[in-house]
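The values are calculated or read from the model by the stated rules, or taken from the named source; none is laboratory data. The model shown is predicted, which means the values in this text are computed figures rather than measured ones. Using ideal geometry, Cβ is built from the backbone for each residue, glycine included, and neighbour counts are taken over all protein chains shown. These accessible areas exclude ligands, DNA and RNA; they are computed on the full protein's heavy atoms, side chains included. Shrake-Rupley method; radii C 1.70, N 1.55, O 1.52, S 1.80 Å.
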Amino acid sequence: MSISMYAAVVRSLDSAPKYELFDTPEPSGTNEVLVDVLAAGLHPRVRSQASGSHYTSTGELPLIPGIDGVGRLPNGQLVYFVAFDTSLGTFAKKAVVDLRRSVPLPEGVDPVLIAAAMNPAMSSWVALRRRVDFQPGQKVLVLGATGNAGQMAVQIGKLLGASQVIGAGRDRDRLNSLSSLGADVIVSLSGDPEVAAKRLGEAASEVDIVIDYLWGKPAEFAMISMLTQRRDRSRALTWIQIGSVAGATAAVPSAALRSANFQVLGCGQGSVPTAGYVAEFPALIHAIADGRLKVNAVPVPLSKVEEVWNTPSYSGQRVVFVPTI
Ligand SMILES: NC(=O)c1ccc[n+]([C@@H]2O[C@H](COP(=O)([O-])OP(=O)(O)OC[C@H]3O[C@@H](n4cnc5c(N)ncnc54)[C@H](OP(=O)(O)O)[C@@H]3O)[C@@H](O)[C@H]2O)c1
């Protein structure tokens, strides 16, 4: 007879998960173990998983959402882990962990901070460390810097040695707060998109790397504006596509690729192997645990999952579900 646990369960791709009893998953194979989940973040990727719109979605239902989290192993050790089963995720009292996709956490670390920060932080950390040959002293533009991942990218750019980090985004208050996170220059993307792109081009035409969370029209306009205002177009400009909150597609003019030393590449699940991500986790965890990377985490009992799911009031903050409260 299977044992039940409480979990957030999605039974329809167009409605919020409900907190209900569900069969406890069972580990199989030598690398799997059942953990008590202590904290799991509600990242945009989790929402796309639960709505079936992520590129890895299988449409299989019911599903427990949640792609990562902090758990306690049977021996008491705390670990950060990335879920490997797309239908039995981390928004539950218990989850199966593949030990090859987990790393131990240092003593005394706050599980909520780790669960909030790892997904948004790894987007730029892994991009700068695994997808490009980033050199200290280079200049970085974070396009879409006001979200959780953008705020992290500003801090990580500086932490990894950028000589200048430019943060561009819409929300005025969060944009202003980027200076305290290390941004050297901030650029507002509010108002007419073409005018905003011209402003951006004036401020950011000399960067080496763009970390792009927006894509869509803002990226399209920004590329043209930055390249046409660039002093020496033979100097490499690498555009790393990471998020697409402003649109799934962007038209890249063929002339942009011919008339400049311009490369567009992406960073995410698939373009970097899982082992590459896991290898970066310990250093990233240390930067979060010792306070070098700031995150705005909001802990919420997992029992409130349905209520919180469609609440728009957490912009710029990261909700973390805690199954134990
Ligand atoms: N590839 C990866 O490894 C990876 C990892 C983590 C995240 N991501 C992706 O990165 C993106 C951001 O993630 P996140 O965790 O930062 O999400 P988030 O905290 O929800 O932030 C999203 C931000 O996007 C901004 N935004 C939305 N539409 C915009 C538009 N049209 N123009 C300008 N800004 C806009 C909003 O800022 P304002 O309030 O200022 O409008 C919002 O704060 C998502 O697409 C996510 O899936 C990718």
Quarter of the Cα convex hull surface for the stretch 23-124, i.e. its orientation-mean projected area (nm²): 6.7
Given charges at Cβ of Lys, Arg, Asp, Glu: the chain dipole, positive-most of GLN164, LEU21, VAL82: GLN164
Kirkwood Rh and Cα Rg combined as Rg/Rh, the chain: 0.99
Once the Cα gyration tensor of the stretch 119-266 is diagonalised, semi-axes √(5λ) in Å: 20, 18, 14
Shape category assigned to the stretch 138-210 from the gyration tensor of Cα positions, a/c cut at 1.5: oblate
Given charges at beta-carbon only (K, R positive; D, E negative), |dipole| of the chain in Debye: 740
Percent carbon-and-sulfur accessible area, the stretch 119-266, ignoring ligands, DNA and RNA, probe 1.4 Å: 48
Theoretical FRET efficiency, 1/(1+(r/R0)^6), r = Cβ-Cβ of ASP23 and SER180, R0 56 Å, to 0.05: 0.75
Net +/- balance of residues flanking ASP85 in space, Cβ distance below 11 Å, scoring K and R +1, D and E -1: -2
Descending semi-axes in whole angstrom, ellipsoid equivalent of the stretch 180-325, from the Cα gyration tensor: 34, 20, 16
Gain upon complete extension [SER15, ILE325; 0.36 nm per residue less C-alpha separation]: 109.2 nm
Relative contact order, percent, the stretch 192-325 [alpha-carbon distance under 8 Å, six or more residues apart]: 19
Charge dipole (debye, nearest 20) of the stretch 119-266; +1 at Cβ of Lys and Arg, -1 at Cβ of Asp and Glu: 220
Top positive-direction residue, dipole computed over the stretch 3-126 with Cβ charges, set VAL37, VAL10, SER123: SER123
Euclidean distance between Cα centres, the stretch 113-157 to the stretch 173-222, Å: 15
About the Cα centre, charge dipole magnitude for the stretch 1-73 (Lys/Arg +1, Asp/Glu -1 at Cβ), debye: 260
Spacing of the two label points (7 Å from each Cα toward its C-beta) at LYS294 and VAL195, in nm: 3.1
Segment ASN75-LYS93, extension gain: residue separation times 0.36 nm, minus the distance between their alpha carbons: 4.8 nm
Distance (nanometres) between label positions extended 7 Å along Cα→Cβ at ARG231 and ASP171: 3.5
For the stretch 119-266, accessible area per residue (1.4 Å probe, heavy atoms of protein chains only), Å²: 42
